[in-house]
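These notes concern the structure reproduced below.
Here, each number is a calculation from the coordinates, and none is a lab measurement. These figures come from a predicted structure and were not determined experimentally. Virtual Cβ from ideal backbone geometry, glycine too; neighbours counted across all protein chains shown.
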Amino acid sequence: MSGPFELAPLPWDESVLEPAISARTIGFHYHKHHRTYVDTLNTLVKDTAYADMPLERVVQATVNAKDGSDEKNIFNNAAQVWNHDFYWRSLTPRSGKPPQKLAQAIERDFGSPDKLLEKLAASGKEQFGSGWVWLTSQGGKLGVEKTANAIDPMAKRINCLLTLDVWEHAYYLDYQNERPKYLEAALRKLVNWTFAAENFEREAHAVRAAAE
Ligand code: MN
C-alpha cells in the first residue's frame with residue numbers, strides 16, 4: 001500500500017538500545033505496529049482532503065472528532081504515526097546530560113534531572129491502559145503529561161520535547177507486564193537530551209518570532 005504518508009526510517013540500528021530495549025522489541029514495534037498505522041492511515045485518507053495535509057495538520061484537524069467516526073479513525077492512526085516518529089527520536093544510546101539551557105529549565109521547574117525522570121516514570125506508571133508520557137514546554141515552562149491511546153499534546157498545539165510509549169507492545173517482550181522496569185531502564189539510559197533541547201529551542205524561536 002503506497003500513499004502520501006511514509007514510514008520514516010529509524011534514526012539508529014535496531015540493536016543499539018539493548019539491553020534496555022531489545023532489537024526484537026524494536027523490530028516488532030517498528031515493522032509491525034508503526035508500519036500498520038502508516039498503512040491504515042494511507043487507506044483512510046485516500047480521496048480525502050487529509051491526503052494533501054502535512055501529518056501534524058491531520059492530527060490537529062481531527063483531534064476533536066467523535067468516537068466511532070471516520071475522522072476519529074484518521075486521528076488515531078495519524079497521531080500514532082507522529083507519536084512513533086517522535087518516540088524513536090526521543091531515544092538514543094548516547095544519552096549523556098541535558099544541554100545547559102534545558103538543564104537550567106529542568107532545575108527551575110523540577111529541581112533536578114533526576115526529579116524530572118522520577119516524574120516521567122511515575123506518570124508513565126499511572127497512565128491506565130495504553131498511552132504515552134511526555135515532557136512538554138508552554139511559553140518556556142516545562143511540564144509532564146500523560147495521554148491515553150493515540151492522543152498527544154501536539155494535537156492541541158503544545159510543544160513536545162520527549163515521549164515514551166507506554167503501550168504494552170513497547171515493553172512486553174522484554175519486561176512482560178512490568179512497565180515500571182521498562183520506564184526505569186529507558187529513562188536512565190536512553191533519553192535523547194539533544195533532541196529534547198532542540199525541541200525546547202524551537203518553541204523559544206517561535207515565541208520570539210511571534211513577539212517581533
Ligand atoms: Mn507503540
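Numbers at a glance
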item: Value in Å of the Kirkwood radius, where the chain supplies the Cα pairs that are averaged; result: 17.7
item: Above-threshold pairs, the threshold being 26 Å between Cα atoms, out of Lys32/Lys115; Lys66/Lys156; Lys156/Lys189; result: Lys32/Lys115; Lys156/Lys189
item: Helix-derived mean residue ellipticity, 222 nm - over the chain, DSSP H n ≥ 4, -39500 (n - 2.57), to 500; result: -15500 deg cm²/dmol
item: Order by protection proxy (mean Cβ within 10 Å, highest first), peptides 191-200, 137-146; result: 191-200, 137-146
item: Mean Cβ count within 10 Å, highest first, over the residues of peptides 4-10, 83-89; result: 83-89, 4-10
